[in-house]
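Presented below is the structure to which this report refers.
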């Protein structure tokens, strides 16, 4: 069974540009969540989607957005990139959206902003 | 303020030894507490998920404890192996939708 797939794995952008990251969940999983990981802040919750609806959003500016498609695949977008957006962006999928739902993480997309 | 604090920040032990990692949280409402292992350059992998009513949960050589009264959790690793070298992250699920992460403990196991 294939795991969570994130693309691209690595990318380099310059300040002011925008970026779109993609996440394909494990087959049958309907819940997808996104996280930002930096050396200074650790892992931080960005947002969570279930059945194409955003269920919750972390404390990030509006430049960070996402969406989920009918096949449960999800994308996140960061506009007007800043140097501080350099991070590892992780996606996780879950079979159902319950409190104890097991999270399965992808390998992440490492974004470098120059 | 919802917060999860882990200690120590880093730890070095010899192969075969045991170790215990700590997690203190001030999160409300509390739903459950999770421990994840993250190898360098990889995504986190779940070790345990503990709800309010669970005191101890094991996964092989990993044993997690939870004291909901003092809001403390620990992760005990028995007979450490070189492959245990990783970051261990404590995560508290708050209510239905939010996750609050600790900054992790970086464990290095030496031969």
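Throughout, read-outs are computed from the coordinates displayed, never taken from laboratory work. Please read all numbers here as calculations on a predicted model, not as lab measurements. Neighbour counts run over all protein chains shown; Cβ positions are idealised from the backbone, glycine included.
Exactly one residue among A:90, A:21, A:81 is surrounded by 14 or more Cβ atoms within 10 Å (Cβ to Cβ), within 9 Å of chain B (Cβ to nearest Cβ) and either in a strand (DSSP E or B) or touching a residue at least 24 places away in the same chain (Cβ under 8 Å) (or both), and that residue is A:90. Taking the listed residues A:96, A:113, A:19, the one that is farther than 20 Å from residue B:90 by Cα and in contact with a helix residue (DSSP H, G or I) (Cβ under 7 Å, 6 or more places away or on another chain) is A:113, with no other qualifying.
Out of the residues in segment A:3-18 meeting the condition of being assigned to a loop (DSSP other than H, G, I, E, B) and within 14 Å of chain B (Cβ to nearest Cβ), tell me which one is nearest to residue A:73 (Cα to Cα). Looking at residues that are assigned to a loop (DSSP other than H, G, I, E, B) and within 14 Å of chain B (Cβ to nearest Cβ), I get A:4. The residue that is farthest from residue B:109 (Cα to Cα), among those in segment B:23-56 that are away from every other protein chain (no Cβ under 11 Å) and touching a residue at least 60 places away in the same chain (Cβ under 8 Å), is B:28.
When the strands (runs of 3 or more DSSP E) confined to segment B:71-111 are screened for residues that are away from chain A (no Cβ under 11 Å) and touching a residue at least 40 places away in the same chain (Cβ under 8 Å), those reaching at least 1 such residues are found at B:72-77, B:86-94, B:105-110. Inside segment A:43-71, residues that are free of Cβ contacts under 8 Å to residues at least 12 places away in the same chain and surrounded by 18 or more Cβ atoms within 10 Å (Cβ to Cβ) make up a count of 0. Of all residues assigned to segment A:38-51, none qualifies as being in contact with a strand residue (DSSP E or B) (Cβ under 6 Å, 6 or more places away or on another chain) and not in a strand (DSSP E or B).
Number of residues in segment B:43-63 that are in a loop (DSSP other than H, G, I, E, B) and either surrounded by 15 or more Cβ atoms within 10 Å (Cβ to Cβ) or at positive phi (or both): the value is 4. Does residue A:75 satisfy being more than 9 Å from every other protein chain (Cβ to nearest Cβ) and over 12 Å from the mean Cα position of the chain (by Cα)? Criteria not met by residue A:75.
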